[in-house]
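We did not get these values from a lab; they are worked out from the coordinates using the rules stated. No experiment lies behind these values; they were computed from the predicted model shown. No Cβ is skipped: glycine too gets one built from the backbone with ideal geometry, and neighbour counts run over all protein chains shown.
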Amino acid sequence: MICHSHQSTTYNTPSVACNCADDQKTEPNILQPGKFDLETRAQILNFLGLYPPCSCEYSFVNLFCWQNLYRYSWFIYKGRLVIHDDRSQSLFMPIGDDLEPDALFALSKKAVAAGLSGNIGLVPESYVALWKDLDRYFTITCDRDAADYVYLTEELAGLKGNKLHKKKNLISQFKREYPDYSLVTMDEYNCRAAMQFDRRLIAAMPSTPHALIEESDAMTMAFSHWKELDLNGLILMVKGEIAAFAVFSPLSADTWDVHFEKSDVNFKGASQMINHETAKYLEGTARYINREQDLGIPGLRQAKLSYVPHALLEPYFLVPKLNSRSH
């Protein structure tokens, strides 16, 4: 995958500071962090283009659509882009040249002094492996719930092998049951019907998990800014009714991120169909598909594992040792 490995030799990194922070005085700083809006989208994407992320958390679409719920903000620190997640009380690992552990610890202390969290999440394994003295500054834990599920597009499109045989059978059953099904490309107009479909699914539940209500709010943000966010999607139709839909966008040069995927359980196999058709749609465009995280939800974890991910990107979480005498 093409993604920021936090190894500074991977990219031509010295140009980042001058490309993204020509005038440091105009950049949001740690005391006055900025919001994710359409006006700053190009600036954020510039960072992400120079340092392609693996984690779906860095997707501008996700940052924009979930910012009201997670109270995301961002600032520039020594030429790096730093994102703060107020709800989870953590900083994202800075985007830019790697900060050595002592410099990362200094950032953590400055964030705490500014009233933000000093914890740092989404730290890639490569960074932890590279800096052997990291535990001098931080308590290090693996954050399994924030692991990204990454799949080879051709494998989701082909569904070959015994491990994916059940998925293929469910798709065959769907096609036999609904031979007149159709696929429609989503746009800024028909995405409204998809939003109504999602709300009907929620309304039909005997009790609605709070997480689904929050996701619906984020989806409303996405669908309200469909064109501006350059979103893509597919709707699976059966006799004029929506059976499922998926929304996705590029995460890096070779990876696309599936932000939202919904299906009606009354249409058996619809979930497998929309997953399969999304992969077929992206085949030739994206080598990998990031299907985001399971957030520690057992059913979701089982479902994502059942598709046999090509990679499970488990980040680390750092808690600064602020009271350590060595500092």
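Treat region 207-327 as a sphere of radius equal to its Kirkwood radius over Cα pairs and apply Stokes-Einstein at 4 °C in a medium of 1.567 mPa s; give the translational diffusion coefficient in µm²/s, rounded to a whole number. Don't skip to the answer; put the middle values down first.
Details: Rh = 16.7 Å.
Here the translational diffusion coefficient equals 78 µm²/s.
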* Asked: Of 239/262; 35/321; 160/304; 163/304; 239/304; 160/262, which sit over 22 Å apart, Cα to Cα?
  -> 35/321; 239/304; 160/262
* Beyond 13 Å, what share of the Cα-Cα pairs of region 203-259 is found? Please give it as a whole percent. => 72
* Calculate I(q)/I(0) for region 148-292 by the Debye formula, one identical point scatterer on each C-alpha and no solvent, and give its log10 at q = 0.13, 0.15 Å⁻¹ to two decimals. => -0.58, -0.78
* Asked: Taking amide hydrogens as modeled 1.01 Å from N in the peptide plane, which residues meet the under 5 Å criterion relative to residue 73, leaving out close sequence neighbours?
  -> 84, 86
* To do: Sort region 78-225 into rounded, prolate or oblate with this rule: let a ≥ b ≥ c be the square roots of the eigenvalues of the Cα gyration tensor; rounded if a/c is under 1.5, and if a/c is not under 1.5, prolate when a/b is larger than b/c, oblate otherwise.
  => prolate
* To do: Please express the Cα-Cα pair-distance distribution P(r) of region 25-139 as a list of whole percents, one per 10 Å bin, running from 0 to the bin with the greatest distance.
  => 13, 49, 33, 5
* To do: Express in whole angstrom the spacing between the alpha-carbon centres of region 65-89 and region 218-276.
  => 26
* Asked: What shape does region 51-90 take by its C-alpha gyration tensor, where a ≥ b ≥ c are the square roots of the eigenvalues and a/c under 1.5 counts as rounded, a/b above b/c as prolate, and the rest as oblate?
  -> oblate
* Taking the Cβ of residue 70 as the centre, find all other residues whose Cβ is under 13 Å away and add up their charges (Lys, Arg: +1; Asp, Glu: -1). => -3
* To do: Within 10 Å, count the other beta carbons around each residue, average over each peptide in 139-151, 88-100, and list them highest first.
  => 88-100, 139-151
* Asked: Expressed as a whole number of Å, what is the distance separating the alpha-carbon centroids of region 288-327 and region 110-180?
  -> 6
* **Environment charge of residue 243, counting only residues whose C-beta is closer than 14 Å and scoring Lys/Arg +1, Asp/Glu -1** => -2
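Quote the charge dipole size of the chain about the Cα centre in Debye, to the nearest 20; the model charges only the Cβ of Lys and Arg (+1) and of Asp and Glu (-1).
760
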* So how long is each side of the chain along the principal axes, counting just the alpha-carbon atoms, biggest first, in Å? -> 67, 41, 40
